[in-house]
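Structure first, then comments.
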Amino acid sequence: MKQRMVDAPAGRVNLVEAGDGPLVLLVHGFPETWYSWRHQLHALAAGGYRAVAIDVRGYGRSSKPADPRRYRLLDHASDNVAVVRALGERTAAIVGHDWGSPIAVTSALLRPDVFTAIGLLSVPYTPRGPVPPTAAFAGMEGDEEFYVSYFQQPGRAEAEIEPDVRGWLVGFYATLSAHGAAESTKPWFTVPHGGRLRDRFTSDQSLEWLTGEDLAHYAAEFERSGFTGALNRYRCMDQDWIDLAAFDGAVIAQPSVFIIGEQDASRVWLANAIEQHATTLPGLVSQHVLPGVGHWIQQEAASQTSEILLSWLDQVNASGRSS
């Protein structure tokens, strides 16, 4: 694997690449880095693809603009186009996990000429709603506070996370993994008003799918960078709703694939969006629910995820060659 920096609207974007062939751009979510795709980089390269995983702006080695308004989905999509161009390519398949999924969606909606196929992991395509996201989330909270609302105030979540980055990451990763979802008796994504998100973390914080070296990598990156850049993505959601008004009701026609873990909480609170994929993703090639897998799908089920992505990419590229 080769690491380098390229120029982009963010300033600089860090990327890691492997292999030769059609370009596949891999976009991570919260709270991860390019490293969450380490297994797929090897597998896709071995399968005949040029696999490239980036640090999204605000994360890892990529630039971290100070202005929180520079973390809109439009900004991330612009970075992705710049990365493709910097790599000397005209088109790419784009695959996103967690926050990387709506980033990939926005990239595909804005630039279908560049992003000719799209893979979504763990978070389905959720078209623009009738009200701003924070208003919608407020209606979901009941007597508690939804985690997205908890993340809105600058400095609040940082004060919880940054004194013990490694411990917080372990708790968050474990809680959203398959065994954490199975153990939990209360939803992790809401907290009592005045409480902390980590108060809902699972007591079993074993991580069979992460080695000590893997965890050390994540902890070191966030201890160095802090969490503000990552959390600023949540703080732009209402602006995204305004920015993307022209795409209200838009479908994604490009060939697509969706993969989610059976134990992923997104299957519950985003169930309606998943059910609508036949309509919102008319180019859907296949949809997969992986048994016994939680939210961190490309790491918890690395081989299965890679095999599905390779099968989908091979279908897409075979179709492109025949046409």
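Number of residues in the stretch 122-167 that are among the basic types (Lys, Arg) and in contact with an Asp or Glu (Cβ under 7 Å, 6 or more places away or on another chain) equals 1. Please enumerate the residues belonging to the stretch 1-13 that are open to solvent by 40 Å² or more (accessible area, probe 1.4 Å), closer than 26 Å to ASN232 by Cβ and either outside any loop (DSSP other than H, G, I, E, B) or in contact with a Cys (Cβ under 9 Å, 6 or more places away or on another chain) (or both). The answer is GLN3, ARG4, MET5, ASP7, ARG12. Looking for something open to solvent by 60 Å² or more (accessible area, probe 1.4 Å), at pLDDT 95 or above and charged (D, E, K, R) - is there at least one such residue anywhere in the stretch 184-197? So far as the stretch 184-197 goes, no, none of its residues is open to solvent by 60 Å² or more (accessible area, probe 1.4 Å), at pLDDT 95 or above and charged (D, E, K, R).
This table checks each residue for (1) closer than 22 Å to THR190 by Cβ; (2) surrounded by 23 or more Cβ atoms within 10 Å (Cβ to Cβ); (3) at pLDDT 95 or above.
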position: ALA220; (1), (2), (3): no, no, yes
position: ARG235; (1), (2), (3): yes, no, yes
position: ILE242; (1), (2), (3): no, no, yes
position: PRO282; (1), (2), (3): no, no, yes
position: GLY294; (1), (2), (3): yes, yes, yes
position: GLN298; (1), (2), (3): no, yes, yes
position: GLN304; (1), (2), (3): no, no, yes
position: LEU310; (1), (2), (3): no, no, yes
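Of everything listed in (1) surrounded by fewer than 20 Cβ atoms within 10 Å (Cβ to Cβ); (2) out of contact with any Leu (no Cβ under 8 Å at 6 or more places or on another chain); (3) not charged (D, E, K, R), the single unmet condition for ALA250 is (2).
In the stretch 46-59, the qualifying residues are those that are in contact with a Gly (Cβ under 6 Å, 6 or more places away or on another chain) and surrounded by fewer than 19 Cβ atoms within 10 Å (Cβ to Cβ), and the one that is farthest from ASP98 (Cα to Cα) is GLY48. Against the numbered list (1) of a type in the set (A, V, I, L, M, F, W, C); (2) surrounded by 19 or more Cβ atoms within 10 Å (Cβ to Cβ); (3) not in a strand (DSSP E or B), ILE118 comes up short only at (3). For the stretch 14-45, taking the residues that are of a type in the set (S, T, N, Q) and touching a Leu at 6+ places or on another chain (Cβ under 9 Å), the one that is surrounded by the most Cβ atoms within 10 Å (Cβ to Cβ) is identified as GLN40.
The values are calculated or read from the model by the stated rules, or taken from the named source; none is laboratory data. Only a predicted model underlies this, so the values are computations on that prediction, with no experimental measurement involved. Here the Cβ is made from the backbone with ideal geometry for all residues, glycine too, and neighbour counts use every protein chain on show. For the accessible areas, the whole protein counts, side chains as well, though only heavy atoms, and no ligand, DNA or RNA atoms are used. Shrake-Rupley method; radii C 1.70, N 1.55, O 1.52, S 1.80 Å.
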